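Note sheet for the following structure.
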Amino acid sequence: MNKTLLAILLAQLICGNTFAINIAGTSAYFDQKELEEVTSKLSSQQLFELDNMSFSDSQCEYEILEEVYQLDKYSSLKDSLIYLRSNKTIDDTEYRLLNRTIKSFLKSKKDKYLSPFKSKVEDFNKNAFHDFSKQIEGGICLNIAFKNLIGALKVEKPIKSFKVAYHKGLISKRMYWQLKRLVQEDYHKEANTLSDYRKNQNFLTNQFPERLEIEGVDYISKRSEKRKASRREVLLSKYNPFQIIYLRSMMERLLNRINADFVSINVVLDDEVVEEIILDPLEQYRFAAKMIRKELGDLQNTNLFSSTNVSFEDILAASFETGLVNGEDLSTLETVEYVWNPKLTKGEKRKRFIKRYGTIFVAAIPASVYFVKVFALVGIEMLTDIKKEPARDHSMF
């Protein structure tokens, strides 16, 4: 990437922000029963005010929580956040970051505080707390300054350093409790703060305006079997915007290979094509599947994805996040459960899927159905460990 292009992209990244668009479906953090309980506790006036809340100018966790708090100081902030997530004012990432800040925020509202016991820390980093105070005075979000402080301290138990800082007069008693609560909520382990998240979302929207047309879908907001976070949250915490754009390009290449009029192998001798081999439709599909598998393996050897285990599911999520794939495709893919049946061979899975939906190379099928077929068939190659397939002596793939 040349320096001019990089400068343009970075300029867009730090420009004015809008609150992240909500392209997820049902929340992974609470169910319908919990939502009904919350709704029953809130008055009609509270519900009206929450329905009309807008956070377009808010950058920090504390700012947003303050706005919600001012609506009704006696209502539960967590209940309010659940309702705001249910009406799509915020998404799951925003809900999680705000929820992890609630205890720290409420500590800032107390009038009386217990003094922490004294503690000893070898090589105490006094400068880190000076820098922290300057950042707070300069208007930096508390959560950002907190993460910077944790990074500068480089200690396993930062709360001990907070105690020392308080007794040295470097932070107030109130701030000690605010920082302690953020540590106890593991906020420092978050990949991004709310401000970072919003900048990344704004950057992706600038690059792909079609994101504004995306309709939320449960497939992307549900938690995968092996992960506690949803597919979308895994994507957004695992990758930066440049990596997400690259994953989208991988899906574009995959679709181009499968949707091509034909794929051929040329035999070149002395700069002249002496033989051209045209792949049949199934070989074309298998060629595309094997290429995406190869590219997934090659990613770990690149600087952009070094030491990162990229899955085909991540590519799907990135394609949805950038508007390449619509939610209907992903939602339908989720319903094709028997495709991933580990008791069947890959060949048997394909036969069952094709029997239900028809061949994947029918020209007149709607785009959404076509995408589903492609994703499901390629997903067979990517996501399952299964029995040995029958021999394919008739096929080079």
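The values are calculated or read from the model by the stated rules, or taken from the named source; none is laboratory data. Since the structure is predicted, the reported quantities are computational estimates derived from the model, not experimental observations. Note that we place each Cβ from the backbone using ideal geometry, even for glycine, and neighbour counts take in every protein chain shown. What goes into the accessible areas is simple: the full protein's heavy atoms, side chains included, and nothing from ligands, DNA or RNA. Shrake-Rupley method; radii C 1.70, N 1.55, O 1.52, S 1.80 Å.
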Which of the residues belonging to the stretch 292-312 are surrounded by fewer than 17 Cβ atoms within 10 Å (Cβ to Cβ) and assigned to a helix (DSSP H, G or I)? Arg293, Lys294, Glu295, Gly297, Asp298
Quick check on the stretch 19-74: of everything there that is closer than 13 Å to Asn87 by Cβ, without any contact (Cβ under 8 Å) to a residue 40 or more places away in the chain and in a loop (DSSP other than H, G, I, E, B), which residue is farthest from the chain's Cα centre (by Cα)? Asn52
So, in the stretch 52-76, exactly how many residues are within 20 Å of Arg181 (Cα to Cα), among the hydroxyl-bearing types (Ser, Thr, Tyr) and in contact with a Ser or Thr (Cβ under 8 Å, 6 or more places away or on another chain)? 1
Identify, please: which residue in the stretch 223-242 is open to solvent by 30 Å² or more (accessible area, probe 1.4 Å) and more than 12 Å from the chain's Cα centre (by Cα) and is, among those, farthest from Tyr95 (Cα to Cα)? Phe242
Please specify each residue of the stretch 75-105 satisfying the condition of being more than 30 Å from Val217 (Cβ to Cβ) and either at pLDDT below 90 or part of a loop (DSSP other than H, G, I, E, B) (or both). Ser75
Members of the stretch 243-276 found to be in a loop (DSSP other than H, G, I, E, B) and either more than 38 Å from the chain's Cα centre (by Cα) or touching a residue at least 12 places away in the same chain (Cβ under 8 Å) (or both), listed by number: Ala260, Phe262, Val263, Asp270, Asp271
Against the condition open to solvent by less than 40 Å² (accessible area, probe 1.4 Å) and under 11 Å from Ile315 (Cβ atoms), how does Leu279 come out, does it pass? no
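Scan the stretch 79-89 residue by residue and report those that are charged (D, E, K, R), surrounded by fewer than 21 Cβ atoms within 10 Å (Cβ to Cβ) and in contact with a helix residue (DSSP H, G or I) (Cβ under 6 Å, 6 or more places away or on another chain).
Asp79
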Using the structure shown, decide if Ser195 is free of Cβ contacts under 8 Å to residues at least 12 places away in the same chain and under 24 Å from Glu137 (Cα atoms). no
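Would you mind stating whether Phe48 is in contact with a Lys or Arg (Cβ under 9 Å, 6 or more places away or on another chain) and either modelled with pLDDT under 95 or open to solvent by less than 10 Å² (accessible area, probe 1.4 Å) (or both)? Don't jump to the end; show me each part of the working.
Details: in contact with a Lys or Arg (Cβ under 9 Å, 6 or more places away or on another chain): no; either modelled with pLDDT under 95 or open to solvent by less than 10 Å² (accessible area, probe 1.4 Å) (or both): yes.
It is false that Phe48 is in contact with a Lys or Arg (Cβ under 9 Å, 6 or more places away or on another chain) and either modelled with pLDDT under 95 or open to solvent by less than 10 Å² (accessible area, probe 1.4 Å) (or both).
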Checked pairs for the stretch 114-126, first on the phi < 0 side of the Ramachandran plot, second open to solvent by less than 100 Å² (accessible area, probe 1.4 Å) and aromatic (Phe, Trp, Tyr), C-beta under 7 Å and 6 or more apart or across chains, list as Pro116/Tyr166; Pro116/Tyr176
Filter result for Ile258 (under 23 Å from Glu328 (Cβ atoms), at pLDDT below 85 and open to solvent by less than 10 Å² (accessible area, probe 1.4 Å)): yes
